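The values are calculated or read from the model by the stated rules, or taken from the named source; none is laboratory data. Predicted, not measured: the structure shown is a model, and the values here were computed from it. Cβ coordinates were reconstructed from backbone atoms using ideal geometry, including for glycine residues, and neighbour counts include every protein chain displayed.
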């Protein structure tokens with residue numbers, strides 16, 4: 001199956017997307033009967049296919065109705081749904097070799113759940129490299145929103161995970177995939193703006209501070225990678241031995 005290059009910048013409304021996913025139940029959607037009627041040849045996985053398909057239709061319907069009046073969100077939520085499918089397929093236990101069959105199931109029947117063509121050319125298999133980079137940003141948002149009440153273990157995990165995924169995102173942005181820089185900067189701004197609202201949850205451990213993030217600016221005659229040292233220097237005065245920025249444990 002051919003792949004396309006996805007939009008990485010689709011997670012600003014991650015809290016809203018996660019909340020709607022929590023509202024999904026197991027009831028079969030009126031426009032998701034194709035998920036159960038049209039079986040594939042992987043009989044041992046039909047139940048998983050059907051449940052995931054129905055869940056997708058359910059989430060799509062909730063987000064579609066919610067974002068009809070907002071053209072920006074309307075465009076972004078469909079890109080998010082495509083990431084969501086890729087994520088769920090990877091954690092569902094389905095063999096990777098069967099993933100194309102799931103995409104074929106949705107693409108062959110998108111008119112049944114989206115008769116106005118909202119999903120036309122919006123459902124496609126994301127290349128592993130692109131998915132992994134998107135997943136870094138999604139994980140950062142998810143970790144933030146999942147910290148809801150004090151738990152000593154979760155607060156310690158929060159520090160560990162943020163250090164891991166934030167530094168991974170910075171490294172990937174500057175050395176591997178510049179597309180990651182814009183959504184990473186948006187996340188950094190979001191986190192630094194909202195961090196104080198969660199300080200009371202981990203009052204003992206505190207919450208890590210993220211260094212100021214600097215994206216690339218076009219400069220004729222200079223490649224992005226050539227300016228790596230300059231941006232890393234501006235990014236943070238605290239650096240690891242590998243010159244990658246680190247997040248502090250300042251409360």
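Name the residue, out of 119, 94, 68, 140, that is farther than 23 Å from residue 31 by Cα, in contact with a helix residue (DSSP H, G or I) (Cβ under 9 Å, 6 or more places away or on another chain) and not in a helix (DSSP H, G or I).
Values: 119 fails: farther than 23 Å from residue 31 by Cα; 68 fails: farther than 23 Å from residue 31 by Cα; 140 fails: not in a helix (DSSP H, G or I).
Of 119, 94, 68, 140, the one residue that is farther than 23 Å from residue 31 by Cα, in contact with a helix residue (DSSP H, G or I) (Cβ under 9 Å, 6 or more places away or on another chain) and not in a helix (DSSP H, G or I) is 94.
Could you list, in sequence order, the residues of the stretch 123-136 that are buried (at least 19 other Cβ atoms within 10 Å of the Cβ) and assigned to a loop (DSSP other than H, G, I, E, B)?
The answer is 123, and nothing else.
Is it true that residue 182 is modelled with pLDDT of 90 or more and in contact with a strand residue (DSSP E or B) (Cβ under 8 Å, 6 or more places away or on another chain)?
Details: modelled with pLDDT of 90 or more: yes; in contact with a strand residue (DSSP E or B) (Cβ under 8 Å, 6 or more places away or on another chain): no.
Against the criterion (modelled with pLDDT of 90 or more and in contact with a strand residue (DSSP E or B) (Cβ under 8 Å, 6 or more places away or on another chain)), residue 182 does not qualify.
Pick from the stretch 22-68 the residues that are surrounded by fewer than 15 Cβ atoms within 10 Å (Cβ to Cβ) and closer than 22 Å to residue 146 by Cβ: which of them is modelled with the highest pLDDT?
Only one residue tops the list, namely 22.
For residue 145, are the conditions met, namely being assigned to a helix (DSSP H, G or I) and surrounded by 17 or more Cβ atoms within 10 Å (Cβ to Cβ)?
Values: assigned to a helix (DSSP H, G or I): yes; surrounded by 17 or more Cβ atoms within 10 Å (Cβ to Cβ): no.
Considered against the rule, which asks whether it is assigned to a helix (DSSP H, G or I) and surrounded by 17 or more Cβ atoms within 10 Å (Cβ to Cβ), residue 145 comes out as no.
Confirm whether residue 180 is assigned by TED's automatic domain parsing to the domain that holds residue 16 and either touching a residue at least 60 places away in the same chain (Cβ under 8 Å) or on the phi < 0 side of the Ramachandran plot (or both). Can you show your working first?
Working: assigned by TED's automatic domain parsing to the domain that holds residue 16: no; either touching a residue at least 60 places away in the same chain (Cβ under 8 Å) or on the phi < 0 side of the Ramachandran plot (or both): yes.
No: the conditions fail for residue 180.
Taking the options 144, 87, 110, name whichever one is more than 23 Å from residue 75 (Cβ to Cβ) and free of Cβ contacts under 8 Å to residues at least 60 places away in the same chain. Lay out the reasoning, then the answer.
On the way: 87 fails: more than 23 Å from residue 75 (Cβ to Cβ); 110 fails: more than 23 Å from residue 75 (Cβ to Cβ).
Result: 144 is the single residue among 144, 87, 110 that is more than 23 Å from residue 75 (Cβ to Cβ) and free of Cβ contacts under 8 Å to residues at least 60 places away in the same chain.
Is it true that some residue in the stretch 225-246 is surrounded by 13 or more Cβ atoms within 10 Å (Cβ to Cβ), modelled with pLDDT of 60 or more and over 26 Å from residue 127 (Cα atoms)?
No: zero hits.
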